[in-house]
1. Between A88 and Q136, what is the spin-label point distance in nm, taking each point 7 Å from the Cα along the Cα→C-beta axis?
2. Using R₀ = 22 Å, calculate the FRET efficiency as 1/(1 + (r/R₀)^6) where r is the Cβ-Cβ separation of L103 and A269; round to 0.05.
3. Give the longest segment of the chain that steers clear of chymotrypsin sites (Phe, Trp or Tyr not before Pro) in DSSP loops with at most 12 neighbouring Cβ atoms within 10 Å, not counting the sites themselves.
4. If you take the square roots of the eigenvalues of the alpha-carbon gyration tensor of the range 51-112 and sort them as a ≥ b ≥ c, do you get rounded (a/c under 1.5), prolate (a/b over b/c) or oblate?
5. Distance in nm between label sites at Y12 and T238, each 7 Å beyond Cα in the beta-carbon direction?
6. Take the alpha carbon gyration tensor of the range 1-138, find the square roots of its eigenvalues, order them as a ≥ b ≥ c, and report rounded if a/c is under 1.5; if not, report prolate when a/b exceeds b/c, else oblate.
7. 5 Å is the cut-off here: which amide hydrogens, built 1.01 Å from N in the peptide plane, fall below it relative to N116, excluding neighbours closer than 5 in sequence?
8. Among all the aspartates and glutamates, which ones have a C-alpha under 13 Å from K199's C-alpha, if same-chain residues fewer than 8 places away are not counted?
Amino acid sequence: AKFEGRNRVCRYDPAIEAEADARITLESELHRALERGELSLVYQPQVKAAGRRIAGCEVLLRWHNAKLGTVAPPRFIPALERLGLIGAVGEWILRTALHQAQLWRQRFGELQLAVNVSSVQLKDADFAATVLALLQRTGFPPQALELEVTESILMECGETTLANIDRLKHGGVQLAIDDFGTGYSSLSYLHQFPFDTLKIDRSFVQNLHHSRNRELARHIIGLGHTLGLNVVAEGVETDAQREILRELECDLLQGYLFYRPLPAGQFEAALRQQG
Ligand code: C2E
Ligand code: CA
Ligand code: CA
Ligand code: CA
């Protein structure tokens, strides 16, 4: 059954046709998504491994469209990149989230904000200047902003990306490596780039009940700490996983066990509740 795809290639496949149509609809709808107010942000709390207190959040993009319903980020974010819209949308995400998070800091105290950054954004020569200007304008402290990049970004990393990273680091902004351990050469990126935080991928967290994976997680966390990095585990769904990660001295935990990604109002309620 594994190889049936090979035979299928030559035949007319209505599913492929439908897929192409869906992509065209998605792209034409996406063009107007921002101006129509169809994009929104949700905030997923990151809690201290010891004690569950909210230390920060990761902001995640959502798209709800009348025709298409709710579209998952892995489907529409690559489309935003293809269409050249990720720059404008990315700037809107940063502006909105920084403004929001600054209000929360004023009301509830210390709060870290993690924002995902696409490779296309980092290739824009103005990216660092834009981020630093938004920080100034909102009053949000650069040290409390963490930009999450994946290994694939660093793989295709050119002069402009390096210059952006350099300028952002000089401005005090924090840098996180996302989905750590899933790529081909995570280790080499750890010493090439000035990371502050390491995010262990969900795939390691899911299988912590196997001793091999537990040992892998132990060593990833140890490695992060040896290099002076903050270590975050994502996709924590069970008490058993939380227990093990706490034992392994992971710093922050993020996952459905604690909170789903929340609309601003609900995130604020969670902050208020913990006093
Ligand atoms: P990511 O950066 O690895 O984000 C974590 C994903 O895991 C999010 O999916 C989140 O909702 C999900 N998640 C959180 N806790 C759990 C859990 O306990 N169990 C499981 N199964 N999943 C959990 P989401 O929001 O669908 O985003 C998917 C990906 O899309 C993100 O992966 C990121 O690569 C990208 N993305 C999302 N928002 C943005 C954005 O604003 N900008 C950019 N450039 N990419 C984004
Ligand atoms: Ca992320
Ligand atoms: Ca991740
Ligand atoms: Ca991921």
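Just so it is clear, none of the values below were taken in a lab; they were calculated from the coordinates. Keep in mind it's a predicted model, so treat the numbers as computed, not measured. Here the Cβ positions follow ideal geometry from the backbone for every residue, glycine too, while neighbour counts run over all protein chains shown.
1. 2.5 nm
2. 0.95
3. Working: sites that count: F3, Y12, Y184, Y256.
With a cap of 12 other Cβ atoms within 10 Å, the longest stretch comes to 13-183.
4. Working: a/c = 2.65, a/b = 1.97, b/c = 1.34.
Taking the square roots of the gyration eigenvalues as a ≥ b ≥ c, the range 51-112 is prolate.
5. 4.9 nm
6. On the way: a/c = 2.42, a/b = 1.84, b/c = 1.31.
Taking the square roots of the gyration eigenvalues as a ≥ b ≥ c, the range 1-138 is prolate.
7. For N116, whose amide H was placed from the backbone, the distant partners under 5 Å are V59, E148.
8. Partners found: E58, E146, E148, E151, D178, D179, E234, D251.
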